[in-house]
1. Residue by residue through region 34-65, note down the ones that are farther than 13 Å from ILE79 by Cα and either touching a helix residue (DSSP H, G or I) at 6+ places or on another chain (Cβ under 7 Å) or polar (S, T, N, Q) (or both).
2. Could you grab me the full set of residues in region 33-49 that are exposed (fewer than 15 other Cβ atoms within 10 Å of the Cβ), of a type outside the set (Asp, Glu) and modelled with pLDDT of 90 or more?
3. Go through region 50-76 residue by residue and tally those that are outside any loop (DSSP other than H, G, I, E, B), surrounded by fewer than 16 Cβ atoms within 10 Å (Cβ to Cβ) and free of Cβ contacts under 8 Å to residues at least 40 places away in the same chain.
4. Just wondering, is there one or more residues in region 41-55 that are under 19 Å from LEU103 (Cβ atoms), touching a Leu at 6+ places or on another chain (Cβ under 6 Å) and not acidic (Asp, Glu)?
5. Being surrounded by 15 or more Cβ atoms within 10 Å (Cβ to Cβ) and either touching a residue at least 40 places away in the same chain (Cβ under 8 Å) or within 13 Å of the chain's Cα centre (by Cα) (or both) is the filter here; which residues of region 6-31 pass it?
6. Considering only region 77-121, state which residues are farther than 15 Å from ILE41 by Cα and not in a loop (DSSP other than H, G, I, E, B).
Amino acid sequence: MISDWRLPDKISILPSTYEDWGIQNLMQRVYRRRRDGMSVIVTEESHEGKWWQHVSCAFNKKGRLPSWEDLKEVKNVFIGRFKKAIQILPDEKNYVNIHPQCLHLFHCPDDGLPDFTHEGML
């Protein structure tokens, strides 16, 4: 049986546009984008016997959601440019909103994700 949480590895090549803010809550690595203060939190979680990388990004004091461009950049830097990630929109009864300006991505390195493209389009 594996633990439900583990501390993710440090990003090996962190772009100079981000700074490492260290470990939070013993299970999360926290990063900050220098130009605008967007925070990125990386955790690893076990769900149904598979490890998932959970990456969230937010503007703590800006009062806005990260843009599509922000989300793509976070995915490329913290998950990988050539890896798949998903964003989940749960049904209303399971929705939790701890931080109203936060977006989340999930990546399963254990076995990847299905190919959701159809004839080259997504």
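1. Initial filter on region 34-65 (farther than 13 Å from ILE79 by Cα): 34-39, 45-51, 58-65.
Scanning region 34-65 gives MET38, SER39, SER46, ASN60.
2. Scanning region 33-49 gives ARG34, ARG35, GLY37.
3. 4
4. Checking region 41-55: at least one residue is under 19 Å from LEU103 (Cβ atoms), touching a Leu at 6+ places or on another chain (Cβ under 6 Å) and not acidic (Asp, Glu).
5. Hits for region 6-31 are PRO8, ILE11, TYR18, GLN28, ARG29, VAL30, TYR31.
6. If the condition is that a residue be farther than 15 Å from ILE41 by Cα and not in a loop (DSSP other than H, G, I, E, B), then ILE86, GLU92, LYS93, ASN94, HIS118, MET121 are the ones that fit.
The values are calculated or read from the model by the stated rules, or taken from the named source; none is laboratory data. Note that this is a predicted model, so its numbers are computed, not measured. Positions of Cβ are backbone-derived with ideal geometry, glycine not excepted, and every protein chain shown enters the neighbour counts.
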